[in-house]
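Trainee: Sending over a structure as structure tokens; questions will come in a sec.
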Amino acid sequence: MASHITNPSSSAELPSRRRALRSLASLVAVGAGGLALAACSRRDSASASAAGGPAVVGKTGDKVAFKYPNNPSFDLIYLADELGYFEGTNTRPEYVGKIAAPQIIPLVGTGEIDFGSRMVPLVISAIASGADLKVVAAGGKTLEEAPHMKYFVRKDSGIRTPKDLEGKTIGFNSFGACAEFVTKKYLREKGVDVNKINFLVIPDEQAEQTLVTGNTDLAIIHAPFSGRADHADQLVRLWSDWDLDGGLGGMAPYSAHGRFIREHPEAVRDVVVALAKAGNWVNANPEEARKLVSKRINMAIENVDRYAYVEDLVVTEPPIQYYIDILQSEGKIAAGKVAIKDVYTNEFNPFAAKPAKT
């Protein structure tokens, strides 16, 4: 059999670590018993396919390589690959290099990558613009002890209330996603004129330093990098997204390009099952997951924030409706332009016994 696609950041100790992790992973209940790991070795590497080209190579039974970003982040695709959850399937990730967060959904929408994980409003906006993609698995969720994003200011800034942000600069990782819309909704509810705030795009991994040096006045930072800011002596955390909306806007799902879904339904199912297993494993083993991510992003373990994931990654409708309502109120999409059922499907998730309901 073919061997595994190696992760570019893996070290020589990977085989022994992977064996230990598989032993641990086998003890974790990840849903229906019929989804146990099968014994099969992985392939060594995948040829890069042309942008938007077919993901499958050759005849039926050959491996299906799905194109995916190779970003420094806490991501279930990398964890599923590390834990062996693609084994026993004909589906493997093909890492296509680092892709800036704002470009992920646009590239999924055109088929230049096959899967991507970004927030619901970006997917809704892309669908409203005619992009061919759909959410196929829920992802991260916000808990009080594991928020999706955190809000930091300098201790000497004098900023302590929402109103203090008028005339200031907020750094976040992209427009059109959770950081923009959850924040603006909350600030307006607190009587803040958001037109008096300057919003600046800063990658999460740079947001802490940009805030410390005074180039921004408040930084909205996502896990895992938010943990480093929590330990920065010059900074103080004001809020998390749990404080702003109780976690309703924190679902970070996985989306797939429409053509890939139509041409490779079994591969989509393989990916969704692997993601669900990995998400359940992280929920059951948060510290082991943090250790893996620490090595992947080369950050001290104490600075790596944990993630929590929707159980079995079954998509539910309230988080989607939440963002449809926000996008309509912000004038980003017309009322009725996008329906909930246009955004997601649980068709490929065997854990979804019935369609999600509000």
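Trainee: With +1 on each Lys and Arg Cβ and -1 on each Asp and Glu Cβ, how big is the dipole of segment 100-239 about its Cα centre, in debye rounded to the nearest 20?
Mentor: Working: 16 positive and 17 negative charges, 88 e Å.
It works out to roughly 420 debye.
Trainee: Same structure again: Roughly to the nearest percent, how much of the accessible area of segment 173-304 is carbon and sulfur, given a 1.4 Å probe?
Mentor: C and S fraction of accessible area: 45 percent.
Trainee: Let me check something: with ligands and nucleic acids excluded, how do ARG259, ARG290 order by accessible area (1.4 Å probe), largest to smallest? Write out the running numbers ahead of the final one.
Mentor: Values: ARG259 70, ARG290 35 Å².
The ranking, largest first, comes out as ARG259, ARG290.
Trainee: Pairs LYS163/LYS184; LYS185/LYS332; LYS141/LYS168: which are spaced more than 19 Å apart, C-alpha to C-alpha?
Mentor: Values: LYS163/LYS184 12 Å; LYS185/LYS332 14 Å; LYS141/LYS168 29 Å.
Pairs exceeding the cut-off: LYS141/LYS168.
Trainee: If you roll a 1.4 Å probe over the heavy atoms of the protein chains, what accessible area per residue do you get for segment 278-358, in Å²? Mind showing how you got there, number by number?
Mentor: On the way: 3720 Å² over 81 residues.
Dividing the accessible area of segment 278-358 by its residue count gives 46 Å².
Trainee: Apply 1/(1 + (r/R0)^6) to the Cβ-Cβ distance of SER129 and GLU302, taking R0 = 56 Å, and write down the FRET efficiency to the nearest 0.05. Provide the component values of the computation, followed by the final result.
Mentor: On the way: r = 42 Å, r/R0 = 0.74.
So the FRET efficiency works out to roughly 0.85.
Trainee: Would you mind working out the accessible area per residue for segment 197-246, using a 1.4 Å probe, and quoting it in Å²?
Mentor: 40
Trainee: Bin by bin, in steps of 5 Å, what percent of the Cα pairs in segment 213-358 do you find, going until the bin that has the longest distance?
Mentor: Bin by bin from 0 Å, the calculated values are 2, 8, 13, 16, 17, 16, 14, 9, 4, 1, 0.
The values are calculated or read from the model by the stated rules, or taken from the named source; none is laboratory data. Worth saying up front: this structure is predicted, and the values here are computed from it rather than measured. Methodologically, a virtual Cβ is constructed for each residue, glycine included, from the backbone with ideal geometry; neighbour enumeration extends over all protein chains shown. These area figures cover heavy atoms from the full protein model, side chains too; ligands, DNA and RNA do not enter into them. Shrake-Rupley method; radii C 1.70, N 1.55, O 1.52, S 1.80 Å.
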